[in-house]
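Starting off with a structure, shown below.
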Amino acid sequence: MEGKTLVTGGAGFVGCNLVKNLLEDGRDVVVLDALLRPGSERNAAWLQTLNAGSRLTFMKADVRDFAAVKSCMAGAEEVYHLAGQVAVTSSLDDPRTDFDINALGTFNVLEAARRMKTPPKVVFTSTNKVYGGLEHVAVEQTGSRYRFVDRPLGVSEAEPLDFHSPYGCSKGAADQYVRDYARIYDLPTVVFRMSCIYGPRQFGNEDQGWVAHFIISALSGRPIHIYGDGMQVRDVLFVEDLVRAFRLATEKIEVSRGQVFNIGGGPENTISVWREFGEMLSTLRGAPVEADFSDWRPGDQPCYVSDIRKAEQVLGWRPQVDRDTGIRRLWDWAERYLAQNGLPTDQTQVEPGRIALSA
């Protein structure tokens, strides 16, 4: 397959998995990444091992730099806009930077695309945080988990938007800009409001990427801290399934353009973040994995499950990797990674500027 694709945030966890998939499909890929997030340097270095030669180009640049975005996008047929500030806590500490990266950065991507003679398809990764705390949705405790009382299939795209926190506001503003550029400028855009994504190349922390964070902590004997009672429920989606949804959206742009999709594991792939996941980790490790607890964080949802029926109906997509299989695959990857590299550090260096990522 020929054609150029731009992936912003392509050295992130989701981004590098997407880049690998695109290269395997024969596409030329430009990665734009500022390498601000811990772990991105390691993923950028890993991309060099894929032996893609001149088909993979890396630009160490920031989505806040419109000129850089425009330059990287030149000639692109597809744009996957994954770059972003991803932590609620960071947005509370520095809301201006959060806004500049998430809202202004997305605006730069949209404007660069709009100004092209043939605008590219644009896929944007939004978040379920645009629905806020869902305080109006009834939740009950059953056994080791919480569940929705009257939403057995999860939260749909019809749920009212209710931005909470600077992060929710910046991503929500970007989400709506991407939608509106499809309406006003006929730009072929697609929005994915993501739930919990996990898989190889994820170096998580307490604020984002908790599945990988817990697994790496369990393998390395590092302490695990739980906010709340550990019965909070999330639907989890293996990264390969997310990448497949992205690719289907661009392949079927005639039906996906201007659309918003809630994307996650759905009701069949849910887990309580510690009462159930902790037991799984102890089984995988063959020894108890301990955690300590503290009060709930403001705005933390007792339950969030994505209603994924729209993605199934429009894109013909459903998760193929079930929860237990995916968690086992991530555990095995993390175990190999730690054996070969030790605990993750952030000392891998990638030279600034435009470089070809080749072995």
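The values are calculated or read from the model by the stated rules, or taken from the named source; none is laboratory data. It should be emphasised that the depicted structure is a prediction, and the values quoted were computed from it without experimental measurement. Virtual Cβ from ideal backbone geometry, glycine too; neighbours counted across all protein chains shown.
Given (1) more than 17 Å from the chain's Cα centre (by Cα); (2) part of a strand (DSSP E or B); (3) buried (at least 24 other Cβ atoms within 10 Å of the Cβ), where does VAL69 come up short, assuming only one miss?
All conditions pass for VAL69, except number (2).
Going through the stretch 243-264 one residue at a time, which ones are assigned to a loop (DSSP other than H, G, I, E, B) and either of a type in the set (Phe, Trp, Tyr) or under 20 Å from ASN21 (Cα atoms) (or both)?
LYS252, GLY264, listed by residue number.
Would you confirm whether any residue within the stretch 53-73 is touching a residue at least 60 places away in the same chain (Cβ under 8 Å), of a type in the set (Val, Ile, Thr), closer than 30 Å to GLU276 by Cβ and out of contact with any helix residue (DSSP H, G or I) (no Cβ under 6 Å at 6 or more places or on another chain)?
Taking every residue of the stretch 53-73 in turn, none turns out to be touching a residue at least 60 places away in the same chain (Cβ under 8 Å), of a type in the set (Val, Ile, Thr), closer than 30 Å to GLU276 by Cβ and out of contact with any helix residue (DSSP H, G or I) (no Cβ under 6 Å at 6 or more places or on another chain).
Run down THR97, THR125, THR118 and say which single residue is closer than 30 Å to ASP65 by Cα and in contact (Cβ under 8 Å) with a residue 60 or more places away in the chain.
That would be THR125, the only listed residue that is closer than 30 Å to ASP65 by Cα and in contact (Cβ under 8 Å) with a residue 60 or more places away in the chain.
Determine which single condition LEU153 fails, assuming it passes every other condition in (1) modelled with pLDDT of 95 or more; (2) surrounded by 19 or more Cβ atoms within 10 Å (Cβ to Cβ).
(2)
Okay, moving on. For the stretch 211-263, which positions are among the β-branched types (Val, Ile, Thr), over 25 Å from GLY286 (Cα atoms) and touching a Pro at 6+ places or on another chain (Cβ under 8 Å)?
VAL239, ILE253
I'd like to check something: does the stretch 196-218 contain any residue that is in a strand (DSSP E or B) and farther than 23 Å from THR8 by Cβ?
no
What tally of residues in the stretch 1-20 results from selecting those that are surrounded by 23 or more Cβ atoms within 10 Å (Cβ to Cβ), farther than 22 Å from ALA113 by Cα and more than 15 Å from the chain's Cα centre (by Cα)?
Matching residues across the stretch 1-20 total 0.
What pairs can you find where one residue is in the stretch 21-50 and at positive phi and crowded, with 17+ Cβ neighbours inside 10 Å, the other is of a type in the set (Gly, Ala, Ser) and outside any strand (DSSP E or B), and their Cβ atoms are less than 9 Å apart, with a gap of 6+ or different chains?
Once the first residue is at positive phi and crowded, with 17+ Cβ neighbours inside 10 Å and sits in the stretch 21-50, its partners that are of a type in the set (Gly, Ala, Ser) and outside any strand (DSSP E or B) give LEU35/ALA11; LEU35/ALA44; GLY39/ALA11; GLY39/GLY12; GLY39/GLY204; GLY39/GLY209.
Take TYR181 and decide whether it is crowded, with 23+ Cβ neighbours inside 10 Å and assigned to a helix (DSSP H, G or I).
yes
For residues in the stretch 241-272 being surrounded by fewer than 17 Cβ atoms within 10 Å (Cβ to Cβ) and of a type in the set (Asp, Glu), which is farthest from THR5 (Cα to Cα)?
Looking at residues that are surrounded by fewer than 17 Cβ atoms within 10 Å (Cβ to Cβ) and of a type in the set (Asp, Glu), I get GLU268.
Residue by residue through the stretch 86-105, note down the ones that are more than 16 Å from ALA61 (Cβ to Cβ) and either acidic (Asp, Glu) or at pLDDT 95 or above (or both).
Hits for the stretch 86-105 are ASP93, ASP94, PRO95, ARG96, THR97, ASP98, PHE99, ASN102, ALA103.
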